[in-house]
Structure formats: structure tokens, C-alpha cells
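Trainee: Just passing along the structure, written as C-alpha cells.
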2 protein chains.
Amino acid sequence: MPWYFMCRRILFNIPHRTIRSRCFFITILLVTIIIVILLAYRLSNIPQECLLEHNSFRKQNDINHNSSLERPVIFIGGMPRSGTTLMRAILDSHPLVRCGEETRVIPRLLNMRAAWEKSTLEWNRCNYYPIVCFASSDDMSNSINRNIFTIYFTRLMAGGISKAMIDSAVRAFVYEILLHHNQYADVLCDKDPFVLKYAAYISSIFSNAKFLLLIRDARAVIHSVMTRKVTITGFNLLDYRQNFKVWNKGMETMMDQCTQVGKDKCLPVYYEQLVLQPKNVIENILKFLNLTWVDSVLHHEELIGKKISLSKTEHSSDQVIKPINLDALTRWIGHIPSDVKSEIDTLAPMLKRLGYDTQSDVPTYGTPDQLVLDNMNKLKENAEFWDSKAKFYARRAPNDTRIFQNDTKHQPIL
Amino acid sequence: MPWYFMCRRILFNIPHRTIRSRCFFITILLVTIIIVILLAYRLSNIPQECLLEHNSFRKQNDINHNSSLERPVIFIGGMPRSGTTLMRAILDSHPLVRCGEETRVIPRLLNMRAAWEKSTLEWNRCNYYPIVCFASSDDMSNSINRNIFTIYFTRLMAGGISKAMIDSAVRAFVYEILLHHNQYADVLCDKDPFVLKYAAYISSIFSNAKFLLLIRDARAVIHSVMTRKVTITGFNLLDYRQNFKVWNKGMETMMDQCTQVGKDKCLPVYYEQLVLQPKNVIENILKFLNLTWVDSVLHHEELIGKKISLSKTEHSSDQVIKPINLDALTRWIGHIPSDVKSEIDTLAPMLKRLGYDTQSDVPTYGTPDQLVLDNMNKLKENAEFWDSKAKFYARRAPNDTRIFQNDTKHQPIL
């Protein structure tokens, strides 16, 4: 082995040369080891998805799905005028959450999809009685929407568009909106009153979704709708009777959805309790959402215009700027027509079912916390200040929800 | 320096110990260097996005956007009954492309978004004349849709939902559908006749989108619609006059969109030329789409039921199963009411503008390729075979496009 001998000769040449070269070796060794450690650390920090060997497009997709499946999302809903805005303002005052204003496009898309699903059922039915379904299909007379949808969905299916495809498209749409709307929030949150109508579906596409269903005395809701002239599909600004029916139908749907997704995913929140005993109620809500308690949630008003942005076109903005108070609790008393009052249990059976006292004209909702009483005093003392603030946030555009009516003739919002 | 002396003593201890330990050092050094190289290689293989220090969710999003922006997408559109299905069947027979059946949900969503955009314009207008816009906003009477949308968009904006947000959500939705509908295709493709109405918008969210606008003699289109009882929003199965107007309006919009996106992004394809001189026309189309020529595109019929899947609910399925032929070219001749014929240039000025001979009762579209003549003979010879095949693909459900009417009262498809 000539190499060996040569090497040997070099090695035994001069002592301090040996030392130099050896120390030289040791340094190189140390350096390289450090590099290894750094690289290894770098690699360990890269999300797993990135290391998977997929078709890049399928991969990106999967990432997107996974993320939308993994990230916690809160959906706040309920009938309009039931405290959904107060609820979201309270959550907005938690450092980890951002709900923001109503997106309005999310319920719109869910509506559209629901129409498609409705047709799925039809479609299944139609496998048994096709004649019934396609009878009036060829004539140009206004055939029943059910029919049209049957036809429509038949074609969706035949067109190779599966339920799964629509689901992932809807998920992508909703997720995009939430992500951009609630940028940088750890917990995504959407407050659109009517999303609760689709709780079951939403939790089927967002496995980490949790729902807060705001519940409020129908008499207060309807009085508020009618005095504040909030135009909502189905509601009539002049007809108490009809409004109670509409409220009842809506609450039934939402409660039903809430029960479907289960106690661990959907929490009913009573507006009256929220404003009377905020501490306990909010504590309970945060526990339900796996969020740690922070005192700021009891003083959302302090963050208005800072972390909490309000829409000047939402009706409640000029109300939630104030600290939690009881102003809106009993304002309805004495304004419900007596004939409606007497029939209330038949018009809106849900009211009683939800535990509201439908017999008394002046129901008691419970005793307020000291905090709330203090807030009430503060509001009285600085009335002017709060009124001017309210004026600033008063809506600029009317709150017209009929927009939904346009693309949902076949299945009204409520 | 005691360490130095100790070290020194060790170093000068025994020659071959030196050798051993030195060789030992060298091996370790080599090993570590190899590890470094491997790790470095691994890192170099990881997509850049993965190495960026983003919020992981924002990051995943960006990836998704980029992909949807980079991947080539073909959109095939035009008026119904203008050969859009033939066109997509031809492209489907190219190994790199898959269009598949009509998705129907994509134009639906684009419709919805267009309504929102329409309201943007209103919204801008309303910054100048707010009174005009919000006049009838509070009363419950059916206020004009324009008004409702103004209000709606006002609220979208106030709700922190920007145009950019909606765009990325729409992009995500469309991309999800295309990706799952055309799985594993290198070039994504969507054939939904009415997408061409939104060409400008689509190319604003899909920078790599290319459009094929199918154009066909209105007389043939309308005769086909009326004899095949294809119910399309705006069309009337009994009124030639109205249908010409509707066709004209539709074509105007689509041509206008096609011009807007430009020659390099939108190619008008004349149905008559496509079936008369398929080779030249398809060559031209593939060049426009940057796709290499393959002979299979001249024989799409051979791939029906294999690579090409047809919807049993689309009207054209039982036509495109046949090789390219001239059956549908002149079938309309002699069926247009004389009074309509005489007014045709005023009813549908687009027809003349597109270069069709509106004077002659028997216009000549050009001379057919030998290939096409051969196809015609084949069809005659094996009439039975083709008829039975056609029967198999004949539609099961009526082709009712009124579905769109439901959510677009405010802006009809045509």
C-alpha cells in the first residue's frame, strides 16, 4: 500500500506540524458537526405536508383542506336582534379571537348549496317516482321549483359533480373569506346570524367548528325588529302575528341544527343571561370554546374602534359600543298587541319550550351582576358621551336582509 | 496551558496510535461531510413556499393561489347549441386535456358574484347620489333590485369584505371544482356555455386562462333550441322573434368579453368551419392553446365512453357520439318564419356582423374536408349502429337552464 507508507511518512514528519494539522482536523470536524445540527434543525421545522411527495397541485389542495379542517372556527348565529353582535364583540375582545363584521357572503353561499342538497333528496325520491318528478319538465309553464331542482341536480350528478366536490369547493370559499376577514387571528370566527341554519352541514366540512346559538325572548326580538325597522326575509314590519310565526320557524330550525351537531359543538346562549350575569355566562362560553379567561371580555366597549371594528351598516353597532347593559331587556313590555299575547303559545310555541315565561306581562329574567348595575350607572352619568358615540356608529345604510330572497325563492331564509 | 501539554503528551505518545486516531478523525470527517451533503440535498428539494416564515395558514393560502394562478385553464363557452360540447369532446380527445361535462355550479357562482359587482358600480354611483340609492330603502314595498344590491354591497364593504376577498374566495371555489372535476389532467378545462359572459373577470382571477368562444349561425341555434325543446333562460320555445333578440344580446355580451380579454386569450371558433374543415380549425385552436397536435383530436368519437365521458342529461351527448359531420349544419333551412327572416338584421344584427349571409335562404358555409365527407358516408353505411349508440346517450332529464333564473332575477343569464 504505497498510499499508506506515504501517509505514514507525512504523519511522522514533524511533531508540531502534527499538532497543527490535528487541531486543523478537529476544527473542521466541529464546524461540520455544527452545520449538520443546523441543517437538521432547519428540516425539523418544515411542516410535514411540505415533505410529502405528491402531485404539487393535489398536494397544495390537501394542505388547504387539512388546514381548513384543523383550524378552530367559531360560528355565531341566531335570529337577528338576539345579541349576536354583542356576542361577537365580547369574543373580539379576547386576544386570540377575531370575528369581525358580518360577512354576508357566507350564508349566501350556504344558501345556494342548501338548494342543491334539497335537490339531492328530491333526486333520491325521484329514483322511485321519476314520472312525478319529470312530468311537467318539458313544458315552458312555471314548473315547481322542486321539479327544477330535481332536474338541476340530476344534471349535477350526471355532469360528474359529486357532493364531495361541492363540499370542498364550498369549504374553500368559506375558508378563504374567513382567513382574509380575520387575518392573523389564532381562532377564526364568523358571525352571520343565519349560519346556524346550516350548523350540521358546516360541522361536516369544518370538523373543528363550534357554534354559539344566541337565544332571546321573541317578544323583545320582534319589538326590536319592528321599532328599528330591520327588514328581514319573512318578517313584516306591520304584522306581529306573522313575525312570531317566522321567529318560531327560524328558532326551530336552528335549535334542531344545534341539537344535531351535539352539546360539545353547539352551545345555546341566552341573551338575557348574557347581559344579566355576564361573568358566569362568558366564563362558560370560553370554557366551551377552550379559550382561557381574560378580563378584557367583560369590557368589550374599551376595544371598540381598536381591536373591535364595527360595521356602520349593521343595526346593533350603536348598541354594542356601550358596556354590557340592560337597556334592551324589557323595552318591549307593553308593546305586544293583547290578541297576539293571548295566542303567543300557539304562534310561537318555541318561546315556552325555551323556558320563557309566556304568561306574565312583565317576565323576570333574573338578577343582574353588580358589574352590570355599575355599567348602568356609568351610562346614566355620562349619557351625553355615550349618545354621541352611539350617533357616530349609527347605521348609514338600512339593514335589508331581503337580499337573500333574490336567490332563494325556493327556500326562504326562515 | 495544562490542556495543551496534556494534549501534546498524548499526541507524541505512540506513532501508530497517532495513525489510528488520525484515520479515525478522517473517517468521522468524511461521514459528517456526507451527512451535510445529504441534508443539503433534502432541503434543496423542498418547495420554496415551505421555507418561508409565514403564518402557516396564510402560507397554505398563498400556495393555493399561486397554483390556481399558474396552472393553465381552458374555458369553453358560447350560446347553447353552438357546438360547445363538440368542442370539448375534441379537446377531451387530447391526452393532456380534460374538460368533462358541464359543471353548472361554476357559472352559477360567477352569476352570484356578478350581481355583487353590479352593486359595486351602483355603490360608486351612490357615493354621488346617495339619496337616489337609499330613497325607497326603508319601506317594505318591493324596492328595485338595484337598490337592494346597493344596500347589500354597502354592507359588504362596511362589513370589511373587499372585492379582493370575494375574488380569492371565488377563485378557490372554481379551482376546487375544476381540480376535482378534471383530476389528473395537465391542462384544466371547463365547458359551461355561459362562462364566456364572465371571460374578463375570469381572466382577472386566473391569469393563465384561455377562452374558446363558439359561434354558430343564429338560425341554426334557434331552430335547434326550439325543435329540441331546450329551455334556456330568456328563450321561448314558441317565439322565433324573441329568441333572435335573446341570442343577439347573448352574443354581443360574449363577443364584447372576448375582445376585452384580447386575441391572445380568447379565440372565436365558428361551428360551421369546425365541422367543415376540422383539421385546419383544430390545428389553429391547439396552436392557440399551446398544445401539440395529436391525430386523436380528429376522431373524438373513438374515445367516447373511454377518456371522454358524456352526461346523459346534456342535450348534445347523442350528437357528439358521432364523428364530426354536417348533419346539424343546414337542418334549419326552410323553418324560419318569413316575417322573422325579413327582419333578421334588425332582430339579430350580430349575425351579419359575425359574417353570416343573412340575405340568402340557403347560405353556403364553405366546402367540407374529405375527412368529413368520409365520416358522412360512414354514418350512412352504419346508420343502425350509430342510431342505437345515439339512443344510449339520449338525455334522460330535460335540459332546463331556467335553474339560473331562480337566483338571478336581477340579472338574467342573457
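Trainee: Applying the selection to the range B:338-360, what residues are in contact with a helix residue (DSSP H, G or I) (Cβ under 6 Å, 6 or more places away or on another chain) and among the basic types (Lys, Arg)?
Mentor: B:Lys352
Trainee: If A:Phe211 passes every condition in (1) in a helix (DSSP H, G or I); (2) closer than 28 Å to A:Phe173 by Cα but one, which one does it miss?
Mentor: (1)
Trainee: With respect to A:Lys263, is the statement that it is of a type in the set (D, E, K, R), more than 14 Å from every other protein chain (Cβ to nearest Cβ) and either under 14 Å from A:Leu213 (Cα atoms) or not in a helix (DSSP H, G or I) (or both) true?
Mentor: Yes: the conditions hold for A:Lys263.
Trainee: Looking at A:Phe244, A:Phe194, which one is within 14 Å of A:Phe75 (Cα to Cα) and either charged (D, E, K, R) or not in a strand (DSSP E or B) (or both)?
Mentor: Result: A:Phe194 is the single residue among A:Phe244, A:Phe194 that is within 14 Å of A:Phe75 (Cα to Cα) and either charged (D, E, K, R) or not in a strand (DSSP E or B) (or both).
Trainee: Anything in the range B:352-366 that is of a type in the set (Lys, Arg) and closer than 13 Å to B:Tyr271 by Cβ? List them, or say none.
Mentor: Scanning the range B:352-366 gives no hits.
Trainee: Just wondering, is there one or more residues in the range A:220-234 that are away from chain B (no Cβ under 13 Å) and in a strand (DSSP E or B)?
Mentor: no
Trainee: While we're here: Within the range A:292-325, can you find the residues that are polar (S, T, N, Q), in a helix (DSSP H, G or I) and out of contact with any Pro (no Cβ under 8 Å at 6 or more places or on another chain)?
Mentor: Once the filter is applied, which keeps residues that are polar (S, T, N, Q), in a helix (DSSP H, G or I) and out of contact with any Pro (no Cβ under 8 Å at 6 or more places or on another chain), the range A:292-325 yields A:Ser317, A:Gln319.
Trainee: Can you say whether A:Ile222 is out of contact with any Pro (no Cβ under 7 Å at 6 or more places or on another chain) and in contact (Cβ under 8 Å) with a residue 60 or more places away in the chain, as far as the supplied structure shows?
Mentor: yes
Trainee: All but one of (1) part of a helix (DSSP H, G or I); (2) more than 22 Å from B:Thr103 (Cα to Cα) hold for B:Met251; state the number of the condition that does not hold.
Mentor: (2)
Trainee: Working carefully through the options A:Thr231, A:Thr227, find the one that is touching a Ser or Thr at 6+ places or on another chain (Cβ under 7 Å) and on the phi < 0 side of the Ramachandran plot.
Mentor: A:Thr231
Trainee: Tell me which of these B:His181 doesn't satisfy, since it passes every other one: (1) in contact (Cβ under 8 Å) with a residue 60 or more places away in the chain; (2) away from chain A (no Cβ under 13 Å).
Mentor: (2)
Trainee: Got a number for residues in the range A:276-314 being touching a residue at least 40 places away in the same chain (Cβ under 8 Å) and among the basic types (Lys, Arg)?
Mentor: Total satisfying the criteria: 3.
No lab work stands behind these numbers, since they all come straight from the coordinates. As the structure is a prediction and not an experimental result, all values here were calculated from the model. When we count neighbours, we look across all protein chains shown, and the Cβ atoms used for this are built from the backbone with ideal geometry, even at glycine.
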